[in-house]
Amino acid sequence: MAVRNKGRRLDKYVRDYVVFDLETTGINPQQDSIIEISAVKVAEGIIAAEYSTLVNPGRHIPAPATAVNGITDKMVADAPAIGEAIGGFWDFIGNSILVGHNIHTFDMNFAYDAALGALGRELANDYIDTLYMARHCLPELGHYKLTDISEYFHISTDGAHRALNDCIMNQKCYEEMGKIWKEQGANPEGNCPVCGGMLCLRKGKYGKFYGCGNFPSCRFTKKA
């Protein structure tokens, strides 16, 4: 698999964004398929529009996948194929910053490969992974599933593991963590001017310095 030219992973809170989530037949983008795509568009912290569709993968959905998300072969029988589904998603998100949970290593890869394969386009939107944000804002948790974070904020987890429900759940979590992020002054040094990642205080051979949180893919540093 060639290197994916994805957008930058950002560490910050923004008011306008699109939360998205995928359900798939498994965890390997090269072998597994998307079976549901959902997204919610947020303006000034409020959900303004939704996009959601099941996807016919053109193959049997394995029992372990159905056990997690409840999606069956019968449910996707009349659903659009990935080309139409990812095309609708592409039109919905535009140039928005994307937000999702554990998307850095999972959803972004599946979506990128689907867009490239079906549309011949690279998904280059910048994105915010709420898994990384939760680790920074909620160090006391120690475990960071979306349901764990939702329960911490007393947000309902009903319908978890269906894409649209997870989008709505995560949007609420992101807004709550955004309050903590701003209260803590979570990133007083600002963001990396090269890739937009969070600058982290580190100690090296010659003393303390700030390095990009996206190291080693980004090696920006500055003196503390």
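The values are calculated or read from the model by the stated rules, or taken from the named source; none is laboratory data. Everything numeric in this text was worked out from a predicted model, so none of it was measured. Positions of Cβ are backbone-derived with ideal geometry, glycine not excepted, and every protein chain shown enters the neighbour counts. When the accessible area is computed, the model is the full protein with side chains, heavy atoms only, and any ligands, DNA or RNA have been set aside. Shrake-Rupley method; radii C 1.70, N 1.55, O 1.52, S 1.80 Å.
Grab the DSSP H runs of the chain that are 4 residues or longer, score each as -39,500 (n - 2.57), total them, divide by all residues and round the 222 nm result to the nearest 500 deg cm²/dmol. Write down the numbers at each step before the final one.
Numbers: 7 runs with 72 residues, N = 224.
Taking each H run of at least 4 residues, the total per residue is -9500 deg cm²/dmol.
Restricting to bridges with both residues inside segment 23-175, how much of the DSSP beta-bridge set is antiparallel, in percent to the nearest 5?
On the way: 10 of 13 bridges.
For segment 23-175, the DSSP antiparallel bridge percentage is about 75.
Hey, can you rank 125-131, 149-155, 27-33 by average C-beta count inside 10 Å, highest first? The partial results should precede the final answer.
Numbers: 125-131: 21.1, 149-155: 17.0, 27-33: 13.1.
In decreasing order of mean packing, 125-131, 149-155, 27-33 become 125-131, 149-155, 27-33.
Place a +1 charge on the Cβ of each Lys and Arg in segment 19-90 and a -1 charge on the Cβ of each Asp and Glu, then give the dipole magnitude about the Cα centre in debye, rounded to the nearest 20. Show your work: numbers first, answer last.
Values: 3 positive and 9 negative charges, 25 e Å.
Here the size comes out at about 120 debye.
Among Y152, N102, I180, which residue has its Cα furthest toward the positive end of the charge dipole of the chain, with +1 on Lys/Arg Cβ and -1 on Asp/Glu Cβ?
Towards the positive end, the residue furthest out is I180.
Where the centroid of each part is defined by its Cα atoms, how far is segment 116-186 from segment 46-78 in Å?
After rounding, the separation between the Cα centres reads 21 Å.
Taking a probe of 1.4 Å, how large is the accessible area per residue of segment 51-191, in Å²?
Working: 6580 Å² over 141 residues.
Normalised by residue count, the accessible surface of segment 51-191 is 47 Å².
Provide the packing ranking of 108-118, 2-12, i.e. peptides ordered by the mean count of other C-beta atoms within 10 Å per residue, highest first. Don't jump to the answer; show the numbers that get you there.
Numbers: 108-118: 19.9, 2-12: 15.7.
Going from most to least packed, we get 108-118, 2-12.
I'd like the carbon and sulfur percentage of the solvent accessible area for segment 4-161, probe radius 1.4 Å, heavy atoms only, ligands and nucleic acids excluded.
Details: 3590 of 7220 Å².
Answer for segment 4-161 is 50 percent, counting heavy atoms of protein chains only.
Of K41/K145; K145/K203; K41/K182; K12/K222; K145/K182; K41/K74, which sit over 24 Å apart, Cα to Cα?
Details: K41/K145 22 Å; K145/K203 30 Å; K41/K182 22 Å; K12/K222 19 Å; K145/K182 22 Å; K41/K74 29 Å.
Beyond 24 Å: K145/K203; K41/K74.
Suppose we take every Cα in the chain and form the convex hull; what volume per residue is that in Å³? Show your work: numbers first, answer last.
Values: hull volume 30.6 nm³, N = 224.
Convex hull of Cα atoms, per residue: 137 Å³.
Answer with one residue from I34, A48, G7: the one whose Cα lies farthest towards the positive end of the charge dipole of segment 1-75, charges on Cβ with Lys, Arg +1 and Asp, Glu -1.
Result: G7, furthest along the dipole toward the positive end.
Under 16 Å Cα to Cα from K223, which aspartates and glutamates show up? Leave out anything in the same chain fewer than 8 places away.
E189
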